[in-house]
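Heads up: the structure comes next, in structure tokens.
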Amino acid sequence: MKSFRSRLTFWISVSLILLSACAVLSLSSGSIGIPPWEWFSLEENSMEKLILFQLRGPRVLAAIAIGGMLSLSGCLLQGIFKNPLVEPYTLGISAGASLGVAVAFASGWQIGTFSPAGLFALAGALGTSFLLLAFYRIRPDINSLLLSGIMLGILLSACTTLAMSLSSPQDISRIIYWTMGSLDNNSPLQALSLCGLAFAGLVVATLLSQRVNILNMGLETARHLGVETRVLVPLLIILASCMTAASVAAAGIIGFIGLVVPHILRSLAGNDYRILIPASFLCGGGFTLFCDWISRTVIRPGELPVGVVTGILGGGVFIYLLLKSKKQSYA
């Protein structure tokens, strides 16, 4: 127990330090630099205070919540399937949310977490999850569920393309820009709402962390140890779906966070989900903040879609890790 507590304290501390450093960097950097030591001495109606508390602050909170939820979703799904390559995009959950948003755009709705378009995203993600769970109920096999999720994701992506082909040129451009991922449209209220959703998901996942540890031993072993797998597996998939839907509705497609962050942490911190779940959430938020900072500064005063940056950095890091592990296996 002492060893577990010391490891938990260490990884939570490291994750918090990284997250805090990325938050300070993001808040202080931009077209107008605002150093941290000036934050609380700004004049009441100054432009710097408006930028800090009305623009950058909500964006930082949204990035932490969205990155944390995506990383946590990937961590949970990898625990269910015992596969480090599984994430919400692999199972088609994000493709379902994307289809919902594409239909909403084509119907003239505006995007947002709690807007009608956000409800379309939630319906798409949950609808995909229920299809997967229906298949799992008919054939309770994890590998078959994974394959069905991959095929369902391909089908839903094709449906999204179909919705785009039937849309107006203006709606097509909106959908394409949205699929690149962006954090620039989050109001203070929406950012706080995302933080509330993210915190609720983190609490539920933390309470289930010990059961996820047992589930990671295999379904048969988990059943023998008293875990109701027919209840736990659907619950975890629905939890991951809700967090993914909220992230997709708020920021579009931001890839590789749910894949890379839990994978790296697992190689560093081990397979104990009591540590992986909170660490994945914090590091996912920090990684998203760092990528958003790059997207805002690399072509200043312009801005890159944050999904492009996460894809380049995340994909590059993941390929490096795969090549490194392959070299070690031949050593």
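The table below lists the values:
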| item | result |
| --- | --- |
| Charge dipole magnitude, Cβ of K and R +1, D and E -1 - segment 1-67, Cα centre, debye nearest 20 | 580 |
| Accessible surface, per residue, of segment 15-133 when the full set of protein chains is kept, probe 1.4 Å, Å² | 41 |
| Mean residue ellipticity (222 nm) of the chain, computed from DSSP H runs ≥ 4 via -39,500 (n - 2.57), nearest 500 | -25000 deg cm²/dmol |
| Hull volume in cubic angstrom per residue (convex hull over the Cα atoms of the chain) | 155 |
| Derived scalar couplings ³J(HN,Hα) [segment 182-187; Karplus, 6.51 cos²θ - 1.76 cosθ + 1.60; whole Hz; x for Gly, Pro] | 7, 10, 8, 10, 9, 7 |
| Projected-area average for segment 192-232 over all orientations - Cα convex hull basis, square nanometres | 3.1 |
| Sorted largest first, extent of segment 128-169 alpha carbons per principal axis (Å) | 43, 15, 10 |
| Solvent-accessible area of Met151 with every protein chain in place, 1.4 Å probe, in Å² to the nearest 10 | 120 |
| Leading residue at positive end of dipole, the chain (Cβ point charges), from Leu156, Trp37, Trp178 | Leu156 |
| Net +/- balance of residues flanking Leu55 in space, Cβ distance below 13 Å, scoring K and R +1, D and E -1 | 0 |
| Rg ratio (alpha-carbon, reference 2.2 N^0.38 Å) - segment 177-331 | 1.18 |
| Accessible-area composition of the chain, carbon plus sulfur, in percent [1.4 Å probe] | 69 |
| Shape of segment 2-146, Cα gyration tensor, a/c cut at 1.5 | oblate |
| Centroid-to-centroid separation of segment 1-71 and segment 115-187 [C-alpha atoms, Å] | 30 |
| Dipole magnitude of the chain about its Cα centre (Cβ charges: Lys, Arg +1; Asp, Glu -1), debye to nearest 20 | 1040 |
| Modelled FRET efficiency - R0 51 Å, Glu43 with Ser173, Cβ distances, 0.05 increments | 0.80 |
| Positive-pole candidate from Val298, Thr128, Leu52, dipole of the chain, charges at beta carbon | Thr128 |
| Sites Leu322 and Val204 - FRET efficiency at Förster radius 25 Å, r taken between beta-carbons, to 0.05 | 0.20 |
| Kyte-Doolittle mean at least 0.5, axial Cα span of 18 Å or more - DSSP H helices of the chain | 2-28, 57-81, 93-106, 116-138, 142-165, 188-207, 229-251, 273-297, 306-330 |
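The values are calculated or read from the model by the stated rules, or taken from the named source; none is laboratory data. Values in this document were obtained by computation on a predicted structure and should not be read as measured data. Cβ atoms come from the backbone with ideal geometry, glycine included; neighbour counts cover every protein chain shown. Surface areas here come from the heavy atoms of the whole protein model, side chains and all, with no ligands, DNA or RNA. Shrake-Rupley method; radii C 1.70, N 1.55, O 1.52, S 1.80 Å.
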